[in-house]
Amino acid sequence: MQVTNTTASQAATQTGNAATDTTAVNSDYDVFLQLLTAQVKNQDPLDPMSSDDFSSQLAQFSAVEQQVKTNDLLEALGVQMSVMGMGEMATWIGLDARAAAAASFDGSPISISPNPAASADRAVLVVRDSSGNEVQRQDFTPSTDEIQWAGVDGNGAPFASGLYTFEVESYSGDELIATTKAEIYSRVLEAKSRNGETILVLEGGVEVPSTSVSALRDPV
């Protein structure tokens, strides 16, 4: 079971980005304060700033100060949410996740969730290798919930180990009405954070966003 501990680096990245924004706001804040102070010190004593103008500028000063505090709060909240997300994904490691992704074949059957079009009366599973070449076509009943792809050709010889993708062609009579990606079940090996998004690493090094997972189950 492995969780890539990138929360610290992610937090550092978020903090760095937020710090840049906060520095810009703080700079404006300091400049505004200096200008206001200089204005008060150098005003004409015979024609001082009106109370209305002074109150208006103080209100602007307060708004800038509040913006700085809000940015600090949002920065802290973003880091906290990142930590919570990684903690939740840790519970997925070791489970089989279902997603429309490439599957790693090593001689063991691959579980496929085909999901053909609802109106289809005939369906075909199309298997492609890592180069996108079609290596097999297999008819199946549209009502089939799950297919166990054995990874052998028509003569019973196994295909080479590697990554394979699966498509489903849905037919109504002889008319092709839809071509969709089939979902496969694959073991979750690792969870990591990248650019604020949680990525799951599946068998064979296949990476998918956690949001693309449609189901989880215990290994079969």
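What do you reckon, is residue 98 modelled with pLDDT of 95 or more, under 21 Å from residue 203 (Cα atoms), in the same structural domain as residue 159 (by TED's automatic domain parsing) and more than 25 Å from the chain's Cα centre (by Cα)? Taking the combined requirement at face value, the residue does not satisfy it.
So that you can scan it fast, the table gives a plain yes or no per residue for (1) in the same structural domain as residue 183 (by TED's automatic domain parsing); (2) over 26 Å from residue 175 (Cα atoms); (3) crowded, with 17+ Cβ neighbours inside 10 Å; (4) at pLDDT 95 or above:
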| position | (1), (2), (3), (4) |
| --- | --- |
| 103 | yes, yes, yes, yes |
| 109 | yes, yes, no, yes |
| 113 | yes, no, yes, yes |
| 120 | yes, no, yes, yes |
| 124 | yes, no, yes, yes |
| 133 | yes, no, no, yes |
| 141 | yes, no, no, yes |
| 154 | yes, no, no, no |
| 163 | yes, yes, yes, yes |
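Taken together, 111, 119 contain a single residue that is more than 30 Å from residue 92 (Cα to Cα) and of a type outside the set (A, V, I, L, M), which is 119. Which ones in the stretch 84-104 are farther than 14 Å from residue 216 by Cα, of a type outside the set (Ser, Thr, Tyr) and in contact (Cβ under 8 Å) with a residue 60 or more places away in the chain? Selection gives 85, 86, 101, 102, 103. In the stretch 183-191, the count of residues that are among the small types (Gly, Ala, Ser), modelled with pLDDT under 95 and within 25 Å of residue 132 (Cβ to Cβ) is zero. With the condition kept exactly as written, say whether any residue in the stretch 94-108 is in a loop (DSSP other than H, G, I, E, B), among the charged types (D, E, K, R) and touching a helix residue (DSSP H, G or I) at 6+ places or on another chain (Cβ under 9 Å). Within the stretch 94-108, one or more residues are in a loop (DSSP other than H, G, I, E, B), among the charged types (D, E, K, R) and touching a helix residue (DSSP H, G or I) at 6+ places or on another chain (Cβ under 9 Å). When residue 134 is tested against (1) touching a residue at least 12 places away in the same chain (Cβ under 8 Å); (2) touching a strand residue (DSSP E or B) at 6+ places or on another chain (Cβ under 7 Å), only condition (1) is not met.
Evaluation of residue 212 against the conditions (1) of a type in the set (S, T, N, Q); (2) crowded, with 19+ Cβ neighbours inside 10 Å; (3) at pLDDT below 95 shows that the sole unmet condition is (2).
The values are calculated or read from the model by the stated rules, or taken from the named source; none is laboratory data. Since this is a predicted model, take the numbers as computed values, not measurements. Counting neighbours? That spans all protein chains shown, and the Cβs are built from the backbone with ideal geometry, glycine included.
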